Amino acid sequence: MGLADLHLHTTASDGMMSPAMLLNYAAVNTQLDVVAITDHNTMDGLHRALEFQQRPENDHLRHLEIIPGIEISSHDGHIIGLFVREVIPPWQSAEDTVAAIHAQGGLALAPHPFAWIPGFKDFGGVGYELQEVPFDAVEVRNSTPTEFVNNWRTQLVNRCGKRRRAEYGGSDAHFLWAVGRTYTTYPGRGVADLRRAIAGHATRARGLTWGPFSLAEYYRDRVRWKAFCKTHKVKLHDL
């Protein structure tokens, strides 16, 4: 049985972990065999991760397979593209964004479709568009504490709706210990088996959400890091 985390963020967007930190943590502290780096509207973190994995001193990372990914801010909410080669422009409709993912031979995923946090307009998901647009899979388990109820709502909508999508779990990790907190299981091991499992609706979402105090710590650390970077005239991505 394979284990994959299909929703991970690095310092290339709004994560608190560099691509190197993410890979080291996943390799040493989890049982994951597949990870997807899905930074917001950029693939820079993915490219850095691939370069870091190939360094001669990093044999401990060889068992991890990395899926090229991106989380796109569409006009209708966030959409994840897996197995894409190029950045997909943001602020298109959900339908056009999914079409652009499929044009690259990728898979279109609907992460946290019913997410909504007051004051964080850009955090939203696609909502009921997950039924109308040809997504390949829907995230029915996200580890963010705001999604505890929404996870159940998403699962109910998907299973009772007119078009049932393959289901997956993604941690939406922005800091290390959240990596693999929720995850996807599938028959076999590796990227090829995972893709077949998504096509055959054989994936399963597993894992737990984390608590609101950790969310507060994340935002506290984010503010501190931004202040540090401003003072020292560096970018978080460069650290």
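The values are calculated or read from the model by the stated rules, or taken from the named source; none is laboratory data. Predicted, not measured: the structure shown is a model, and the values here were computed from it. So basically every Cβ, Gly included, is an ideal-geometry build from the backbone, and we count neighbours across all protein chains shown.
Here are the numbers for the structure shown:
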quantity: Identity of the residue in the stretch 134-144, in a strand (DSSP E or B) and not basic (K, R), that ends up nearest to H9 (Cα to Cα); calculated: N142
quantity: Residue match in the stretch 99-111 (condition: assigned to a loop (DSSP other than H, G, I, E, B) and within 19 Å of G125 (Cβ to Cβ)); calculated: yes
quantity: Criterion violated by R206 - all others in (1) of a type outside the set (A, V, I, L, M, F, W, C); (2) more than 15 Å from the chain's Cα centre (by Cα); (3) closer than 23 Å to A27 by Cα; (4) surrounded by fewer than 20 Cβ atoms within 10 Å (Cβ to Cβ) satisfied; calculated: (2)
quantity: The stretch 181-228, subset of a type in the set (A, V, I, L, M) and more than 21 Å from G105 (Cα to Cα), residue modelled with the highest pLDDT; calculated: A205
quantity: Per-region count, the stretch 127-152, residues touching a helix residue (DSSP H, G or I) at 6+ places or on another chain (Cβ under 9 Å) and either in contact (Cβ under 8 Å) with a residue 60 or more places away in the chain or closer than 15 Å to Y183 by Cβ (or both); calculated: 11
quantity: Among (1) in contact with an Asp or Glu (Cβ under 9 Å, 6 or more places away or on another chain); (2) farther than 19 Å from H112 by Cβ; (3) without any contact (Cβ under 8 Å) to a residue 60 or more places away in the chain; (4) not small (G, A, S) - the single one D39 does not satisfy; calculated: (2)
quantity: Where a residue in the stretch 203-221 is touching a residue at least 60 places away in the same chain (Cβ under 8 Å) and its partner, wherever it lies, is of a type in the set (A, V, I, L, M, F, W, C) and assigned to a helix (DSSP H, G or I), with Cβ under 8 Å and at least six apart; calculated: T203/L194; T203/A197; T209/F148; W210/A178; S214/A178
quantity: Filter result (acidic (D, E) and over 17 Å from G81 (Cα atoms)) within the stretch 139-173; calculated: E147
quantity: Residue in the stretch 32-42 that is surrounded by fewer than 19 Cβ atoms within 10 Å (Cβ to Cβ), of a type outside the set (D, E), part of a strand (DSSP E or B) and within 13 Å of the chain's Cα centre (by Cα) present; calculated: yes
quantity: Count of residues meeting criterion [within 22 Å of F213 (Cβ to Cβ) and modelled with pLDDT under 95] in the stretch 151-172; calculated: 0
quantity: Candidates H47, H112, H75, filtered to the one that is within 20 Å of G180 (Cα to Cα) and not hydrophobic (A, V, I, L, M, F, W, C); calculated: H112
quantity: Test: residue in the stretch 51-61 that is free of Cβ contacts under 8 Å to residues at least 40 places away in the same chain and closer than 20 Å to R181 by Cα; calculated: yes
quantity: Scope the stretch 121-176; condition of a type in the set (D, E) and either surrounded by 15 or more Cβ atoms within 10 Å (Cβ to Cβ) or touching a Lys or Arg at 6+ places or on another chain (Cβ under 8 Å) (or both); matching residues; calculated: E129, E132, D136, E139, E147, E167, D172
